[in-house]
Amino acid sequence: MMPSQLITAQEDQTLVLTLSGPETRNSLSPQAVTAAVEALGTAESNPEVRCVVLRGDGAHFCAGGDLRRIGGARERPPESQAASIDLFHSLVDALRSFPKPVIAAVEGFAAGGGMSLALACDLIVAARDARFVMSYGRVGLSPDGGSTWHLARALPRALALELVWLAEPVSAERLHALGVVNRLAEPGQAHAAALGVAAQLASMAPNAVASVKELVQAAPDRSLQAHMDAEREAFVANLFHDNGGEGLAAFFEKRRPHFR
């Protein structure tokens, strides 16, 4: 089978990254991971890109790592698999540090590393019938891709352990109730719904949107005072940005702002 590839497309001000390998439920490949890191790097400085949507080709989001390839890694030195995981982690890091919103559009299954990728995005829009599963335990493995880090911060400890240990599929609706999934869509409509959210975000001031992402991500590691200092600096910077002037003028003039 051909390894999965990455397809990129621009829809208005949203960059759509599609993991494409439907025969393997869009399992991760080094080629696709490398291409995604490069695409995010290019999009970071592109003013025409204000949001990113990450999706899978066809009926599923992503099945995670290719178990045939992972199984073959046992015949090579452990350092080889460690390097492969580091490559995957570079994508997770790129998603987290990307200054613009990243939205996962999930249909079908998000399994193993696929669930890790969805968790690394800023927002998750999922079809009501989508399923998420931390499948590592089924084959005697432990997670990668930052999934335990994200789950431990999003859920109570017992729930995080349940999802990882038992490796049972959990519905998008349950994760929505728990606050992990942001929006539910009808089956087949996750991509369209994610584009709708992206359009909302793209209409906002990009500098302020970036400030919010940075502040929220940094909050758990700061004291309240240090965080309020960071909020002060961001507020002042955004107030004196051209978009701050435009936003205030639009409010007083009772019109929609036009941010750049």
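The values are calculated or read from the model by the stated rules, or taken from the named source; none is laboratory data. Source: prediction; values computed, not measured. When we count neighbours, we look across all protein chains shown, and the Cβ atoms used for this are built from the backbone with ideal geometry, even at glycine.
Would you confirm whether any residue within the stretch 149-159 is surrounded by fewer than 19 Cβ atoms within 10 Å (Cβ to Cβ), within 14 Å of residue 181 (Cα to Cα) and not charged (D, E, K, R)? Within the stretch 149-159, one or more residues are surrounded by fewer than 19 Cβ atoms within 10 Å (Cβ to Cβ), within 14 Å of residue 181 (Cα to Cα) and not charged (D, E, K, R).
So that you can scan it fast, the table gives a plain yes or no per residue for (1) under 18 Å from the mean Cα position of the chain (by Cα); (2) in the same structural domain as residue 142 (by TED's automatic domain parsing):
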{"site": "156", "(1), (2)": "no, yes"}
{"site": "195", "(1), (2)": "yes, yes"}
{"site": "217", "(1), (2)": "yes, no"}
{"site": "220", "(1), (2)": "no, no"}
{"site": "242", "(1), (2)": "no, no"}
{"site": "248", "(1), (2)": "no, no"}
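Scan the stretch 170-179 residue by residue and report those that are assigned to a loop (DSSP other than H, G, I, E, B) and either surrounded by 15 or more Cβ atoms within 10 Å (Cβ to Cβ) or more than 21 Å from the chain's Cα centre (by Cα) (or both). Those that are assigned to a loop (DSSP other than H, G, I, E, B) and either surrounded by 15 or more Cβ atoms within 10 Å (Cβ to Cβ) or more than 21 Å from the chain's Cα centre (by Cα) (or both): none in the stretch 170-179. When 96, 68 are screened for being farther than 21 Å from residue 122 by Cβ, part of a helix (DSSP H, G or I) and not small (Gly, Ala, Ser), only 68 passes.
Considering only residues that are charged (D, E, K, R) and either touching a helix residue (DSSP H, G or I) at 6+ places or on another chain (Cβ under 7 Å) or modelled with pLDDT of 95 or more (or both), look in the stretch 1-33 and name the one that is surrounded by the most Cβ atoms within 10 Å (Cβ to Cβ). In this case the residue turns out to be 11.
Quick check: anything in the stretch 27-48 touching an Asp or Glu at 6+ places or on another chain (Cβ under 6 Å) and assigned by TED's automatic domain parsing to the domain that holds residue 172?
Yes, because at least one residue in the stretch 27-48 is touching an Asp or Glu at 6+ places or on another chain (Cβ under 6 Å) and assigned by TED's automatic domain parsing to the domain that holds residue 172.
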